[in-house]
Amino acid sequence: MYKEIVEKMSLREKIQQTVVVLMEKGKKIEFSPGAAFFFGQIITEADETGISELRGYVKELYDSCEIPPLITSDFENGCGSMVKGLTPLPYMMSLGATDDENLAYDYGKATALEARTVGANWTFSPVCDLNMNFRNPLVNNRSLTDNPELACKMLPNVIRGMQDGGIAACAKHFPGDGVDYRDQHLTTTANSLSLEDWKNSFGKVYKKLFANGVMSVMAGHIAFPAYPQKLSEKFSMPLPATLNKALITDLLKGELGFKGIVVTDALDMGGYAGWYDTREQSEIESFKAGCDMMLWPSETYVDNLERAIKNGEVSEERLNDAVTRILGVKERLGLLSDNYNPFCDLTETDKAFVKTTQSKCAEKCITLICDKEKHFPIDAKKVRKIGINVITEHPPVKEEALALKREFEKRGFEVNYTDTGFYDNENLYRFYAENDLIIYAFFSRPFRPMGFIDFISGRAVQIKNAFCPPNAMEKTAFVSFGSPYIGKQYFQRAGTYVNAYSMLECEAVAFVKAACGEIEFSGKSPVKIK
């Protein structure tokens, strides 16, 4: 059916299908795009717009388009991180720590169920990167693991859950992030593995996902120097995948045989800028390279590509390939049928399933890295007062961290809580003296805030001070609710250290349950931390 539609479309209609627009409040879209990105972004907090209002925007767009658009967002850890009122799931690395294939399927399905309630049918997830470099500021706990075997075991189930639930999954970021120490939002990064090592890691993962039918792939602003290619004429350097025909057409679509949609990462990122003299020229080069959809192209993109096709710079065959892939995915999702309903309301059973998935993932991921001091489970006969010190560079997370205080107080403990920390020995020593157990709760993860995820300034001083009180290590437990590498970076001498991967209320509740012996510390570290 979709091939017949392609044959009847005008040149301009075909080009419009290659556009992913950014939907914004009050901004009317003047044409029928192939897809629209709405709701929150992974680099920001969830959108405050109400669910009913969101559905109104989506319905308005559907009603104005002859071919229904794909509606997408960064639903990387469920929908609640992108849409207020929906359910955030623990970050992907939490799922990796559960090592549970059935839960991986449920994780994908729960995401799909809630996405469909607001009209979304495409998710820019899961993150399929392997976090091989603990200093990488972009991947970290957004990824499942650094282990290709674990990725090959879990990711196909996440994708199957999503696509069985009616949304297209998107494996990102090809050719694979997590090796570099830089962020492609700021500059072009590189996957510096040898070709053989890449094939045995990232390549193996992508082949597994393609064999399991993932509908789309996101190309990153990431170079892959080991693959044979022409260098940039302007800089004599390897081009990022989003501009690199060797990586997209030859490797991704050719050698790996990918048949779905290839979408660029956002075209306003630093890693994309400057390779050609103008943004408009870069967009044409991306399409020539083999990218089928442009994420947030310039307003003149449609005119520019139409002109490039008419003057022979871009072949119409390349355009037909892109549109065929796009409409092929839409047909698989049911968008081209006359009775397609963009909105699916949750039943009470669905709602319970989503919440159960959230709590299962939160509880099964808690990883006890070491407990030489035997702090856990907490002996309530010896510990009555607990001091909690929250350290984060991202102030909004402090609201979630208050769940730690509430949960310990529910169990009868007296809790002394601070999220401002101590910068002088007098107050710090008093804090240690007045409490039977000290818990340092850390949160650090990509985009919270933008940049490197190390602790700086006052937070770094607080970490330094943690070692100062007499016998501090004997009385202290360190818990990371974000990056799993905080212990490796700062607390090699710590006697008690826990990774919880996500600072969400569900994860705080799960940690307290484990700390009090109500559930086991059953998580397995999905990354190398020693």
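Per the 1.4 Å probe, what fraction of the accessible area of region 254-384, in percent, lies on carbon and sulfur atoms?
On the way: 2900 of 6130 Å².
Answer for region 254-384: carbon and sulfur cover 47 percent of the accessible area.
Using the average count of surrounding beta-carbon atoms within 10 Å as a protection proxy, the listed peptides 458-464, 356-362 rank, highest first, as 356-362, 458-464. Cross-link reach is defined here as a Cα-Cα straight distance under 20 Å, omitting same-chain residues fewer than 8 places apart; for K310 the lysines meeting it are K8, K14, K288. Listed peptides 476-488, 512-524, 425-437 appear in the order 476-488, 512-524, 425-437 once ranked by packing, highest mean of other Cβ atoms within 10 Å at the front. About its Cα centre, the dipole of the chain is roughly 1240 debye, where the only charges are +1 on Lys and Arg Cβ and -1 on Asp and Glu Cβ.
Rounded if a/c is under 1.5, else prolate if a/b beats b/c, else oblate: with a ≥ b ≥ c from the C-alpha gyration tensor eigenvalues square-rooted, which is region 351-508? All intermediate terms of the calculation are to be shown ahead of the outcome.
On the way: a/c = 1.56, a/b = 1.17, b/c = 1.34.
Oblate.
The accessible-area ordering, largest first, of the residues R307, R279, R160 stands as R307, R160, R279, per a 1.4 angstrom probe. Principal axis extents of the C-alpha atoms in region 52-145 (largest first, rounded to whole Å): 45, 26, 23. Rolling a 1.4 Å probe over the protein heavy atoms leaves L138 with an accessible area of roughly 0 Å².
For region 192-199, 3J(HN,Hα) computed residue by residue from phi via the Karplus equation (6.51, -1.76, 1.60; θ = phi - 60°) reads 8, 5, 5, 4, 5, 5, 5, 4 Hz, glycine and proline entered as x.
Close amide H pairs (under 5 Å, H built 1.01 Å from N) link I369 with Y497, V498, N499, residues at least 5 positions away or on another chain. Of the three principal axes defined by the Cα atoms of region 325-390, the extents in descending order read 67, 30, 21 Å. Placing H173, H375 in order of accessible area, with the largest value first and a 1.4 Å probe, yields H375, H173. The residues of the chain have, on average, 39 Å² of accessible surface per residue, using a 1.4 Å probe with all protein chains present. Close amide H partners of C291, meaning residues 5 or more places away or on another chain with modelled amide H under 5 Å apart, do not exist here. For region 370-382, the Karplus equation 6.51 cos²θ - 1.76 cosθ + 1.60, evaluated at θ = phi - 60°, returns couplings of 7, 8, 5, 8, 6, 6, 10, x, 5, 8, 5, 6, 9 Hz by residue, with Gly and Pro reported as x. Solvent-accessible area of D129, all protein chains in place: 0 Å² (probe radius 1.4 Å, heavy atoms, ligands and nucleic acids excluded). Estimated at the nearest 10 Å², the accessible area of K351 is 90 Å² with a 1.4 Å probe.
Would you list D63, D371, D177, D197 from the most to the least accessible area, probe 1.4 Å?
Numbers: D63 105, D371 25, D177 0, D197 80 Å².
From most accessible down to least: D63, D197, D371, D177.
FRET efficiency for the pair R459 and S236, taken as 1/(1 + (r/R0)^6) with r the Cβ-Cβ distance and R0 = 35 Å, rounds to 0.30.
Can you tell me the mean projection area, over all orientations, of the convex hull of the chain's alpha carbons? Units nm², please.
Details: hull surface 97.2 nm².
Its average projected convex-hull area is 24.3 nm².
Using just its DSSP H runs of length 4 or more, each adding -39500 (n - 2.57), the chain gives a mean residue ellipticity at 222 nm of -11000 deg cm²/dmol after division by all residues.
Bridging of K528 to lysines at a Cα separation below 25 Å is possible for K153, K172, K199, K204, K207, K208, K360, K364, K372, K374, K464, K488, once same-chain residues fewer than 8 apart are set aside.
Given R0 = 25 Å, the distance between the Cβ atoms of C65 and E313 translates into a calculated FRET efficiency of 0.35. For Q492 and K259, a Förster radius of 51 Å and the Cβ-Cβ distance give a FRET efficiency of 0.60, rounded to the nearest 0.05.
Positive end of the dipole of region 335-382, charges at C-beta (+1 Lys, Arg; -1 Asp, Glu), about the Cα centre: which of T367, N339, A380 has its Cα farthest in that direction? Sorting the options by dipole projection puts first A380. In the chain, taking the dipole from charged Cβ atoms about the Cα centre, the farthest positive-side position among N140, I519, A433 is held by A433.
Amide hydrogen proximity for S525: with H placed 1.01 Å from N in the peptide plane, no residue at 5 or more positions away or on another chain lies under 5 Å.
Quote the relative contact order of region 174-251 in percent (integer), defining contacts as alpha-carbon pairs under 8 Å separated by 6+ residues. Don't jump to the answer; show the numbers that get you there.
Details: 100 pairs, mean separation 26.6, N = 78.
Reported relative contact order: 34 percent.
Under the definition of Cα pairs under 8 Å and six or more residues apart, what whole-number percent is the relative contact order of region 245-292? Show your work: numbers first, answer last.
Details: 23 pairs, mean separation 28.2, N = 48.
It rounds to 59 percent for region 245-292.
Working from Cα pairs under 8 Å separated by at least six residues, relative contact order for region 258-381 is 23 percent. Computed 3J(HN,Hα) for region 74-90, one whole-Hz value per residue from the Karplus formula 6.51 cos²θ - 1.76 cosθ + 1.60 where θ = phi - 60°, is 8, 7, 6, 10, x, 9, x, 6, 10, 10, 4, x, 9, 9, x, 9, x, glycine and proline marked x.
The values are calculated or read from the model by the stated rules, or taken from the named source; none is laboratory data. In this text, all values refer to a predicted model and were calculated from it rather than measured experimentally. Neighbour counts are summed over all protein chains in view; Cβ atoms, including those assigned to glycine, are modelled from backbone coordinates with ideal geometry. Keep in mind that these areas ignore ligands, DNA and RNA; they rest on the heavy atoms of the full protein, side chains included. Shrake-Rupley method; radii C 1.70, N 1.55, O 1.52, S 1.80 Å.
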